[in-house]
Amino acid sequence: MAEAGYRFDVCPSDAEELHEPSLSPSQLTETNAMIKAAPVAGAHREAVVIGADTLVFLDDEPLGKPADMAAAEAMLARLVGKTHQVCTGVALMRYGTAHTFHATTDVTFKPLSPEEIRDYLSLIDPLDKAGAYAAQEHGERIIAATRGSFTNVIGLPMDELQTQLATHFDIHPQGQVISDQ
């Protein structure tokens, strides 16, 4: 957000995320984005609040945050040599008005050996990351290609977000935005 020229404050939401396997990736992430944004918007009525939720999906199965390093290693082993999706749902809220959208990016992993997976995991903290990886942290070691918004994979789909902020709230860089991330 700062690189795009927006002034903003970060206000973490303590809302409990929904884990509902019957929802599609876009429905689940957009719903969770709304759940996160709502309490922050209630506390900051004059601001445009951005709530976001990102999940990694392999064959429509959500891959959350790994419980431990063994789970992180197993998760990455499932992704090697395959294409998976990163879906981010975004909720924009102000004055009780809400708008949601999502972005989905295809990410293809390199064919990695178990040693390469362990080497990568030694460089990052995978336990707080959906899919057990971070494209912005040594992603070149594991990612062969992306198709779609790269900023979606590292946090927020910025091109889409800028368009939505301008279209629905007339917010442009240097406007005041509150984020729950």
Completion exercise
Least to most buried among 26, 13, by other C-beta atoms within 10 Å and fewest first, runs 26, 13
Completion exercise
If amide H atoms are modeled at 1.01 Å from N in the peptide plane, then the residues at a separation of 5 or more from residue 8, or on another chain, having amide H under 5 Å from its own are 177
Handout entry: For region 7-179, with +1 on Lys and Arg beta carbons and -1 on Asp and Glu, the positive-most of 47, 72, 130 along the dipole
Key = 47
Handout entry: Residue of 73, 137, 16 that the Gaussian network model of the chain assigns the largest fluctuation, springs spanning Cα pairs under 10 Å
Key = 16
Exercise for the section: Return the sequence-ordered ³J(HN,Hα) values of region 126-140 in whole Hz as given by the Karplus equation 6.51 cos²θ - 1.76 cosθ + 1.60 applied to θ = phi - 60°, using x for Gly and Pro. Expected result: x, 6, 10, 10, 4, x, 6, 8, 9, 4, 7, 10, 6, x, 4
Exercise for the section: With springs connecting C-alpha atoms under 10 Å apart, model the chain as a Gaussian network and identify which of 23, 76, 63 has the largest mean-square fluctuation. Expected result: 23
Problem - Per-residue Cβ neighbour rank within 10 angstrom, fewest leading, 29, 100, 167, 83 - result: 167, 83, 100, 29
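Only the coordinates and a few stated rules stand behind these numbers; no lab work does. It should be emphasised that the depicted structure is a prediction, and the values quoted were computed from it without experimental measurement. Backbone-built Cβ (ideal geometry, glycine too); neighbour counts: all protein chains shown.
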